[in-house]
Amino acid sequence: MATKCIHLFDKLWSFATCKKTRLPTGRRSNLHRDVEKEEFQYASAQCLSSYYSVFVVRLAIMVMLAILIGLLTFLTWHFTKIYTTKSLNSLAYDLRYELLQRPILRMWNILNSTAEITASQVKLSEYVIRSHSNLATQAEQVEMYGAMKAVTWALFSSRKALDSITVKYRNGFVQAFHRNLKDNHTCYIYSDLANYSMASWNDKDIHGKNSSIWYREPLDPVTGEKIGKAMKIAPEDSINIAGLSQVPDGVASWHVAVSKFTDSPLLSAALPVWDSSNKSIVAVVGVTTALYSVGQLMKELVDLHGGHMYLTSQEGYLLATSTHDPLLTNSTKLKMAVGSENEAIRHGAQWLQKTYGNHFPPSHEVHVENVKLGHQQYYIDSFFLNLKRLPLVGVIIIPRKHIMGEADERAFKTLVILISASVCIIVIGCVCILILTNGVSKEMKLRAELISHLEARRKAEASSNYKSQFLANMSHELRTPMAAVIGLLDILISDDHLTNEQCATVTQIRKCSTALLRLLNNILDLSKVESGKLVLENAEFDLGRELEGLVDMFSVQCINHSVEIILDLSDDMPKLVRGDSARVVQIFANLINNSIKFTLSGHIILRGWCENPNSCSDNPKSGYLQKTRTKQHENHVKKISNSDNKMILWFEVDDTGCGIDPCKWDSVFESFEQADPSTTRLHGGTGLGLCIVRSLVNKMGGEIKVVKKEGPGTLMRLYLCLSAPVDATEQHCQADFSNNGLVVLLALHGDRGRLTTSKWLQQNGVITLEASEWNGLTQILRELFHARSPAYNNGFDAHYPLLERLKSKFLSIQELTNPAYVIAVDIELLDLSTDIWKEQLNFLHKYRGRAKFVWVLNHDNNNTIKMELRKKGHILTVNKPLYKTKMIHVLEAVIKEKNVELQRKNKGGDLHESLEIDYTHCDLASSDGSDISEMGGSNFVCASGDKQREEVVRSYSSSQYQINNCLVGLAHEHMEHNTPRKEGSYQSNPNSKDVTKLGTFSTGEDSECGEMRRANSSSRAVNGKKSLEGVRILLAEDTPVIQRVATIMLEKMGATVVAVGDGQQAVDALNGMLGVEDGRRESLLKERNIRSSQTEILNCPPYDLVLMDCQMPKMDGYEATKEIRKSEVGTGLHIPIVALTAHAMSCDEAKCLGVGMDAYLTKPIDFKLMESTILSVTRRT
Amino acid sequence: MDAGQMKRQWVDYIKSLFVEGFLDGQFLQLQQLQDENNPEFVVEVVSLFFEDSERLLKDLSFALEQKGVDFKKVDAHVHQLKGSSSSIGAQRVKNACIAFRNFCEEQNTDACLRCLQQVKQEYCLVKNKLETLIRLEQQIVAAGGSIPTMELSF
């Protein structure tokens, strides 16, 4: 068993180890393949192998369990059984032995007692006979017989077991006592005395006396009294009388006799009685004892213990059995044991005879177990009693059942129970193992499934990622051809030879291309955000100005829609914030664009306010909004305000369009989702705008949602989390106008805009009056300026009853000492369709001395009106929409003028007629504040106001596009009159200060404004003017082809180009320039001749711009730029450097800008893009 | 062959160049840049391109034949070639250069050599085409015609 187990373990171990060693080799062979694939395969292989190993382990555990339990069962059963059987067997042996011994001992007893009785009878008989030796008479003879009878009786009665005692005398006289043991019937048998004489005492022939008569008389078994009459019986009838024949040699004899009166064999002994001389036998005494009692004992024993016993003589005659079967055949002969009627005894005897025959073992003792006799098993034991004359053999046959029956049964039952129990345990154990391992294998399966799912998910994510990345990477490839298409279309439009029809078609194509480009940009932006490639800038920018620019831009579109666009920024908005200005602008551009699309009439309001925990309460303008939002975002605010310098800016875009169904408020921000699908047909669009907005807003840490509003339209509310500049002192551009005695009359057409402006003005302590139409305006004017003449006043009061509100205002105006009136007149208030406007103008002109007029112009007002206004001296003009910053500028201008006038009055005729608004001062508030010296200079610039104004007008009309971005259409640039190139347009003057900056759109972004700007610049090309006339450019490019192409391009635009071959030369060229900066100027003609001559670098004139290739030999563009910037430190100069690179990724752009470049152009050089970029950069300085 | 016929031939030829992808919009821009001030501008730039490219190709062949190939140098050369070819609008050369640069990054010498062959092939093709084109133009000019202005035919 143990070896078996060891073998099994060996097998299992070898199996496990071979598994272990096999796996890694399989892995190693796959090493060259794709790692992921291999991992997956490995995982699945592992899973499969583990699946098999689980199966094997399960089997092994089951087998081991079975073996263990089987072993346990077997051993238990075995030991229980063996020891029981052994002890039982020994006990049984003892029992058998004992059982056999007892009848044999009884037999022995019987024999002994018979012998004793016989001997004592003989001795007594001798004595009696000797004492009656001389039997003379009959009487004496009778006396002797009487004595004999008494003696014999005495012995007979003392031994109850005796069957009979007989005395046969020599003369044939018989005296016998007989007892029937069954009924205890005792009788005395004697022969007739008369026939025997003394004479015949010595007669030998007793047997010959046939005439003898025997009597039998019954006796009382106890007393021996005669109880019945003597009956005559035939001799030898009832008992056997031992005669002389039985003692032929005169010694005692033994034999087993069979009586015909009893059914059991008798043991009879005979002894002769010698006379006194010991010479002749006088009589023979015979004693018979029945073996009945032995049989009785055997029966009793067998009854108690079961089985069978018998005693045989040596020859095999049955002497006694434990059964009731007769022992005699025909009552005369003894039976052989083999012929017994009892089956068990017969079979036993037969078996013994068959086994041993006559050759019994020396001791004649046999102990055999488990002999099959018939259908049962028996124990057979024999015992030999070796008597001299009567050897006896005792046999006991006990069925095994009697002794071992219980034990066998128990053993069998135990075995059955054990086997069934172990089977149960095995079954249960197997089931348990199955369940357990099933769990394990199930887990394995699940794990495998999980692995495959993970794999699938990873693949899906990867493919999605690839898609996004592909789109993001495609951006350049997609934009370049689009830019080319648009540029070429521009060229085509500028062609003079086109017919009108062709021109219309081409214009249409251009519009479509622009739309396509916008769509592309949207998709690319979205994919950029999704692919995580969008990196937000973190630069300082003027949020207010960006938004104003945006509103200016969209106001053009709004006028066509007759929609009023209003910018309403609260005063607590920070001036400068850090963030990605382009993206912020894009957010609002998309939102406003959306609003414009869906708003046919009414207004669009862009509200903005700042959320500071402490400034929540001091903003009454949006009180109810604030309540809700403070509730909603209280937690958020706390969180954000903890981080330093972060602030939350809230914005709302409110329109009066068709509105959005409330159930779609969430879904409008999804990709390609529009609130109403039918609007696509009406308004176009892809539904990407809001999605981009949300992505961007979320990226800036904000949220956007649609909010319920009263009235029609949509209200989008969003907040952005922007950081304030670290070192910026909180400078709100907030002027306090309350002490200047200003009265503003707002005669504006749009209700909402006027309301907003007047609210703001009143907050700042300016008294405002409002009029929405011409009549109202005239009435208020008359009221204001003729109030002091009561007649006028009364007359008008009758016709136009004033509102109470106005009256109170008039009262407060009258309290002012020396009020300054500012009248903002919307040009739309005039009747422009006919010529009435001129008269209206003249009417207003009458009040010119008493009030300052600010004209709010539209973009499409024709020049005649403007000219007329200028002719009349109305120089304060503002483009719509009128918002806070513009208002501040206007008011500041007015206050300044007023102060100057006051001064002049005081001094009496000062030369400085300063109508000029100090724009540098205004600009300082909104620009970087870097040009302090410029500002200082501006104070003495105001030399000849009229002349200056003339210039302003000219530049104004020539640069049409500036209208879009300008603040106030007044003096935009202050020029230094001692500049030698005064007559050139402002672009050619490197020192000219262009106040109206172009939007700070980065060149890489094709935003709406960029489009517009490009369109404008191309329209300038139509006018035949060379856009870059006079700009001097240093081109650093190593590839000769590109160098040549770029040179020609730039020269075509009118620029002067100096080309150098690498970064080092560029740096040298610029250093030379710095050296000669002090004043020496070469002639322009000479410059033109310098193309790529590096030798003349020293003579190079100063440059307005450097175009720098990034990848160049010797010193690359980045290095060169760093050099240049380093050399500029301390000089106050900043030469714009535009990168020229073949890399189109945003990281390159960041790198370019990081080293100090100003803009970024990609190869191949796009004509238009280069032009616009250069223009924007050169003008900025 | 009169000038008109030649002009038509020229137009067809340049169209085929665009259709087959030898040239792209950049070449049109080049043509646009040619005017009275620079009458030979296209020819000048193209011949510059030829010179430059042949030099670069020679350098490239040399660099790739070295024992330890300096991939940085190779990459710089290819980058230059790419820049000049894209500036002239030789689109197929440019595309071959892009593939070339990828292999440079992988430092795969065999693939680089294969790419070099391809670039050379593309270069020869475009050179032939451009030379034919310039010959045609010269013929047109010689015949007294003028080069047709831009036909936006792609």
Pseudo-spin-label distance A:V1129 to A:E670, built 7 Å along Cα→Cβ, given in nm, is 5.6
Using alpha carbon centers only, the stretch A:138-191 is separated from the stretch B:8-56 by a whole-angstrom value of 175
Calc'd 3J(HN,Hα), the stretch A:487-503, phi into Karplus 6.51 cos²θ - 1.76 cosθ + 1.60 (θ = phi - 60°), Hz, glycine/Pro = x, comes to x, 5, 5, 4, 4, 5, 4, 6, 6, 6, 7, 6, 7, 4, 4, 4, 4
Of the residues A:F74, A:L124, A:L91, the Cα lying farthest along the dipole of the stretch A:71-167 towards its positive end, which is defined by charges on the beta carbon of Lys, Arg, Asp and Glu, belongs to A:F74
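How many Cβ atoms of partner chains, on average, are near each residue of B:44-50 if near means within 10 Å of its Cβ?
Numbers: counts 3, 7, 1, 1, 7, 6, 1.
Per residue, the number of nearby Cβ atoms from other chains is 4 on average.
Could you order the peptides A:880-886, A:418-424, A:150-156 from most to least packed, using the average number of other C-beta atoms within 10 Å per residue? Mind showing how you got there, number by number?
Working: A:880-886: 23.3, A:418-424: 15.0, A:150-156: 18.4.
So the peptides A:880-886, A:418-424, A:150-156, ranked by packing, come out A:880-886, A:150-156, A:418-424.
Across peptide B:70-82, how many C-beta atoms of other chains are within 10 Å of each residue C-beta, on average?
On the way: counts 0, 0, 0, 0, 0, 1, 4, 0, 0, 4, 9, 2, 3.
The shielding value for this peptide is 2.
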In order over the stretch B:71-80: 3J(HN,Hα) from phi, Karplus 6.51/-1.76/1.60, θ = phi - 60°, whole Hz, x for each Gly or Pro, gives 5, 4, 5, 4, 4, 4, 4, 5, 4, 4
Once both label points are put 7 Å beyond Cα along the C-beta direction, the B:A3-A:E409 separation in nm becomes 14.0
Descending packing, highest mean Cβ count within 10 Å first, for A:213-224, A:650-661, A:1039-1050 is A:1039-1050, A:650-661, A:213-224
In chain B, taking the dipole from +1 charges on Lys and Arg beta carbons and -1 charges on Asp and Glu beta carbons about the Cα centre, the listed residue (B:A3, B:S53, B:S87) farthest towards the positive end is B:S53
Taking A:541-551, A:113-123 and ranking on average Cβ neighbours within 10 Å, highest first, one gets A:541-551, A:113-123
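Specify whether the C-alpha gyration tensor of the stretch A:366-454 places it in the rounded, prolate or oblate class, a ≥ b ≥ c being the square roots of the eigenvalues: rounded for a/c under 1.5, otherwise prolate if a/b is larger than b/c and oblate if not.
On the way: a/c = 8.55, a/b = 6.91, b/c = 1.24.
Because a/c hits 1.5 or more and a/b exceeds b/c, the stretch A:366-454 counts as prolate.
Please compare each pair in A:K1122/A:K1163; A:K852/A:K905; A:K1168/B:K82; A:K459/A:K699; A:K81/A:K354; B:K72/B:K120 to a cut-off of 28 Å on the Cα-Cα distance and tell me which ones are over it.
Working: A:K1122/A:K1163 22 Å; A:K852/A:K905 18 Å; A:K1168/B:K82 22 Å; A:K459/A:K699 26 Å; A:K81/A:K354 32 Å; B:K72/B:K120 20 Å.
Table pairs above 28 Å Cα-Cα are A:K81/A:K354.
Would you kindly state how much longer the chain becomes between A:K1122 and A:A161 on full extension, computed as 0.36 nm times their sequence separation minus their alpha carbon distance, in nm to one decimal?
Working: separation 961, 0.36 × 961 = 345.96 nm, distance 15.20 nm.
Net length gain for the segment: 330.8 nm.
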Per 10 angstrom bin, beginning at 0 and ending with the bin that holds the maximum distance, the Cα pairs of the stretch A:433-510 fall in percents of 15, 19, 14, 13, 11, 9, 8, 6, 3, 0
Long-range amide H partners of A:Y1160, meaning residues 5 or more apart or on another chain whose placed amide H is closer than 5 Å, are A:T1003, A:A1139
Compactness summary of the stretch A:490-592: radius of gyration and Dmax from Cα atoms, Å, are 18.3, 56
When A:S280, A:S562, A:S268, A:S313 are ranked with the fewest other C-beta atoms within 10 Å first, the list becomes A:S562, A:S280, A:S313, A:S268
Counting only backbone N atoms under 19 Å from a point 7 Å out along Cα-to-Cβ of A:S464, the residues of the stretch A:500-524 in range are A:523-524
With 0.36 nm assigned to each residue of separation and the Cα-Cα distance removed, A:V256 to A:E839 gains 191.3 nm
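What is the dipole size for chain B, taken about its Cα centre, with +1 at each Lys and Arg Cβ and -1 at each Asp and Glu Cβ, in debye to the nearest 20? The partial results should precede the final answer.
Working: 17 positive and 22 negative charges, 80 e Å.
I would put it at about 380 debye.
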Computed ³J(HN,Hα) along the stretch A:1149-1158: with the Karplus parameters 6.51/-1.76/1.60, θ = phi - 60°, integer Hz and x for glycine or proline, the list is 4, 4, 5, 4, 5, x, 7, x, 7, 9
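Can you compute the FRET efficiency between B:D110 and A:N538 using 1/(1 + (r/R0)^6), with r the Cβ-Cβ distance and R0 = 30 Å? Round to the nearest 0.05. If you can, show how the numbers build up before the last one.
On the way: r = 46 Å, r/R0 = 1.52.
Once rounded, the FRET efficiency stands at 0.10.
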Taking the alpha-carbon centre of each part, the distance from the stretch A:265-287 to the stretch A:685-726 in Å is 153
Simple spin-label estimate for A:L498/A:K896, 7 Å along Cα→Cβ, in nm, reads 4.4
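Quick note: the coordinates plus some simple rules give every number you see, no bench work behind them. Bear in mind the structure is a predicted one, so any value in this text is a computation, not a measurement. When we count neighbours, we look across all protein chains shown, and the Cβ atoms used for this are built from the backbone with ideal geometry, even at glycine.
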